[in-house]
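Working notes for the structure below.
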Amino acid sequence: MASLKENSRKMARKAGMNDKLQSWIDARIRHRLTHAQVQMARELGMNPKKFGKLDNSDQERWKTPLPEYIESLYLRRFNKEKPDVVLSIEDRARLQKQKKDDRREEKKMEKTMTIGGAWYLPEQWNKLKEISVDRDDLEDTYEEWLANAEQSVAKMSAAGVTVKKIMVEIAELEAWCRAKNLKINGKSRAEFVANKMREEDLKSEC
């Protein structure tokens, strides 16, 4: 028959509980602590794995029982008997998981509402036209392209879509297309920008 500790760990794993929080649940069960006493011990910076050395008042009767010891330390440190708000470890884990899920959902929403836009340096515009097979479709001057690009960004913004400007180095674009055996045109430039955007997103998540 599974022990209370084993059942607790199984439930914790299902709830996505990390080992650090689980060690507090184990300590609470083993040493018969209340949720408030566990929170006090956490705020005091105590280590739940060392409670065994403290909770042996049966053998060393001069020692204060662990629950009372935690309460006395808390009162001495914070000048109050207990925390203003008490959260069980399980509730704390649920809140952490909810926050993590919310952040993940926010990032997902941001990604769906954000697109990458190629952005070029004025001194590289002529080089871009030179190497692009669709050069006749590109604006004659950098100034014309910039005006059209900024107009497109403004329209997207008004529609609720964020355009993330991805600076394109022409030499890098040329090498990337060569490695993938792609002609340099509107489609390959868009693929290059999408790839750069993914790389930047991965770096920001690390």
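Points worth noting:
- Residue match in the range 131-140 (condition: over 17 Å from Ala190 (Cβ atoms) and not charged (D, E, K, R)): no
- Every condition in (1) outside any helix (DSSP H, G or I); (2) surrounded by 11 or more Cβ atoms within 10 Å (Cβ to Cβ) is met by Lys97 except one, and the failing one is (1).
Per-residue answers, yes or no, for (1) among the aliphatic types (A, V, I, L, M); (2) in contact (Cβ under 8 Å) with a residue 40 or more places away in the chain:
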residue: Glu143; (1), (2): no, no
residue: Ala147; (1), (2): yes, no
residue: Cys177; (1), (2): no, no
residue: Asn185; (1), (2): no, yes
residue: Ser188; (1), (2): no, no
residue: Asp201; (1), (2): no, yes
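- Any chance Arg189 is within 30 Å of Val38 (Cβ to Cβ) and out of contact with any Lys or Arg (no Cβ under 9 Å at 6 or more places or on another chain): no
- Residues in the range 101-145 that are in a helix (DSSP H, G or I), among the aliphatic types (A, V, I, L, M) and at pLDDT 95 or above: Leu128, Ile131.
- Search result, residues across the range 168-206 that are modelled with pLDDT under 95, over 21 Å from Asp137 (Cβ atoms) and aliphatic (A, V, I, L, M): Met197, Leu202
- For the range 76-94, the tally of residues that are in a helix (DSSP H, G or I) and either in contact with a helix residue (DSSP H, G or I) (Cβ under 9 Å, 6 or more places away or on another chain) or not assigned by TED's automatic domain parsing to the domain that holds Gln37 (or both) stands at 8.
- Looking only at residues in the range 41-57 that are within 28 Å of the chain's Cα centre (by Cα) and assigned to a helix (DSSP H, G or I), the one that is farthest from Val86 (Cα to Cα) is Pro48.
- Residues being within 19 Å of Trp125 (Cα to Cα) and surrounded by 12 or more Cβ atoms within 10 Å (Cβ to Cβ) - total across the range 168-190: 14
- Residue in the range 134-157 that is surrounded by 14 or more Cβ atoms within 10 Å (Cβ to Cβ), in contact with a strand residue (DSSP E or B) (Cβ under 9 Å, 6 or more places away or on another chain) and β-branched (Val, Ile, Thr) present: yes
The values are calculated or read from the model by the stated rules, or taken from the named source; none is laboratory data. Here the structure is a predicted model, which is why all the values come from computation and not from measurement. Cβ coordinates were reconstructed from backbone atoms using ideal geometry, including for glycine residues, and neighbour counts include every protein chain displayed.
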